Ligand SMILES: *Cc1c(COP(=O)(O)O)cnc(C)c1O
């Protein structure tokens, strides 16, 4: 067994089968992705549009691409046809562009709204208040080509596991409140994307339905390309 296969197997053994694993393959070559694919992995996450476009044609069609990084509005058009889900919708402007481009493609794009839960200033996302305003807006309610499937968030990068847990718990409570107030039970609002290599166990215990794991599967990345 290769390292990637072993890492995936170890991870699957530790993760409940109800939690989806998005294998974050940013900076990693197609050969690594294929190894993961051959051991059964189908969901892959990238944070750059160019990287998805460069890799996808050399890989099988039934592989699902998940956009997890900040997405610039001028790149939406390029990615909409190939993307399974966009986890990183961090503004109404972006959502609106995704809606317009999806309409042109004749597609409904699955999206998660990214919520700012960390202490760091640099992490993108809506506040809880902004989420509620967005979901009540006339603009959102006329969008026919995006489907909001849930929320995504990233905890502060810290060794303080109490803080990480608290941030994930906040996100899970926003998720519950938003689901109750803005979505009916028949709607697709069911995904809570939280947890990475260093904190996925905490995230799962706080209700994550999708974890985004890179280095634990593929090994470390060169810091300068993160
Ligand atoms: C890189 C990245 C991950 C995965 O990080 P690891 O620590 O390698 O598991 C998850 N989510 C986002 C948004 C990322 O950019």
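No value in this document is a laboratory result; all are computed from the given coordinates. From a predicted model like this one, the values you see are computed outputs, not experimental measurements. As a convention, Cβ positions derive from the backbone with ideal geometry for all residues, glycine included, and neighbour counts pool all protein chains shown.
Here are the numbers for the structure shown:
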read-out	value
Per-residue Cβ neighbour rank within 10 angstrom, fewest leading, 93, 179	93, 179
Average projected area [Cα convex hull, region 180-220], square nanometres	3.6 nm²
Gain upon complete extension [residue 38, residue 62; 0.36 nm per residue less C-alpha separation]	7.4 nm
Kirkwood hydrodynamic radius of the chain, Cα pairs, Å	17.9 Å
Prolate/oblate/rounded call for region 104-219, Cα gyration tensor, a/c under 1.5 rounded	prolate
Two-decimal log10 I(q)/I(0) for region 99-148, as the Debye equation yields it once each C-alpha is a single scatterer, q = 0.27 Å⁻¹	-1.01
Three-way shape call for region 31-83 based on the alpha-carbon gyration tensor, with the a/c threshold at 1.5	prolate
Span from the region 1-77 Cα centroid across to the region 108-153 one, whole angstrom	23 Å
Descending semi-axes in whole angstrom, ellipsoid equivalent of region 141-192, from the Cα gyration tensor	27, 12, 7
Burial ordering of 205, 96, fewest other beta-carbon atoms within 10 Å first	205, 96
GNM flexibility winner over the chain from 14, 84, 169 (Cα, springs under 10 Å)	14
Rg(Cα)/(2.2 N^0.38 Å) for region 1-121, N = residue count	1.13
Residue order, fewest to most beta carbons within 10 Å, for 139, 191, 167, 51	139, 51, 191, 167
log₁₀ of I(q)/I(0) at q = 0.30 Å⁻¹ - region 17-60, Debye sum with one point per alpha carbon	-1.21
